[in-house]
């Protein structure tokens, strides 16, 4: 999606590009969505929800990303998943549909545009519109698989393997094209649920091995082929 404001073009045109279920809605469903949904713009770092807060609306991301994560009593974070364009937060959906409190934390990873749908309107759409039900089920299925992979990573994989996968994913913008990862060691540690010292030690080892080049708050992959050797087949 381009950077035009969501309010500057007909909603059906912009929303049809962002959300594949829109064109399959009934006329009644489209009318509900058009009247209830409001464009939202968030800057990077904005905290959307704290653990235990009620969910008052569904957010359908059209540009940017939302980070959903858990924080331990000691203050250490681990990323559960990212909500990307064309997606919504499945934990938020679950809270809306069951009228429960949010079980994690959510913040804006990068500047983000989204459509905010009040809880009552979203419940009605889910109850009456098959395409919305299918969209939600598909999101739950996909997210469950990604969370299962996260459990496997944490339980069975070495941290150097997890770090290699993370760097390759963050850096790759197109097949075989890698950009600099503009993150501090602390931020990387938060995503992976470990201590900054662990990440700093592993990155220093990667640098000594010629896999990456380190600068202040930046990691540049210098040998993606060798770095990918640390990634087990089918992993990540």
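A few notes on this one:
- For region 86-121, a residue qualifies if it is touching a helix residue (DSSP H, G or I) at 6+ places or on another chain (Cβ under 8 Å) and either outside the structural domain of residue 22 (by TED's automatic domain parsing) or farther than 22 Å from residue 32 by Cβ (or both), and the qualifying residues are 100, 101, 102, 103, 104, 106.
- Each residue in region 158-200 was checked for being out of contact with any helix residue (DSSP H, G or I) (no Cβ under 8 Å at 6 or more places or on another chain), farther than 12 Å from residue 227 by Cβ and touching a residue at least 60 places away in the same chain (Cβ under 8 Å), and 1 pass.
- Residues of region 52-85 satisfying the condition of being crowded, with 17+ Cβ neighbours inside 10 Å and either in the same structural domain as residue 196 (by TED's automatic domain parsing) or not in a strand (DSSP E or B) (or both): 55, 85
- The listed residues are 78, 66, and the only one of them that is closer than 21 Å to residue 147 by Cβ and modelled with pLDDT under 90 turns out to be 78.
- The sole residue among 101, 143 that is closer than 20 Å to residue 62 by Cα and either surrounded by 13 or more Cβ atoms within 10 Å (Cβ to Cβ) or touching a residue at least 12 places away in the same chain (Cβ under 8 Å) (or both) is 143.
- Residue under evaluation residue 39, criteria (1) buried (at least 20 other Cβ atoms within 10 Å of the Cβ); (2) assigned to a strand (DSSP E or B), criterion not met: (1)
- Tally of residues being out of contact with any helix residue (DSSP H, G or I) (no Cβ under 7 Å at 6 or more places or on another chain) and either surrounded by fewer than 16 Cβ atoms within 10 Å (Cβ to Cβ) or not assigned by TED's automatic domain parsing to the domain that holds residue 52 (or both) across region 122-137: 4
- Checking residue 133 against (1) without any contact (Cβ under 8 Å) to a residue 60 or more places away in the chain; (2) within 20 Å of the chain's Cα centre (by Cα); (3) within 21 Å of residue 22 (Cβ to Cβ), the condition it does not meet: (2)
The values are calculated or read from the model by the stated rules, or taken from the named source; none is laboratory data. Keep in mind it's a predicted model, so treat the numbers as computed, not measured. Here the Cβ is made from the backbone with ideal geometry for all residues, glycine too, and neighbour counts use every protein chain on show.
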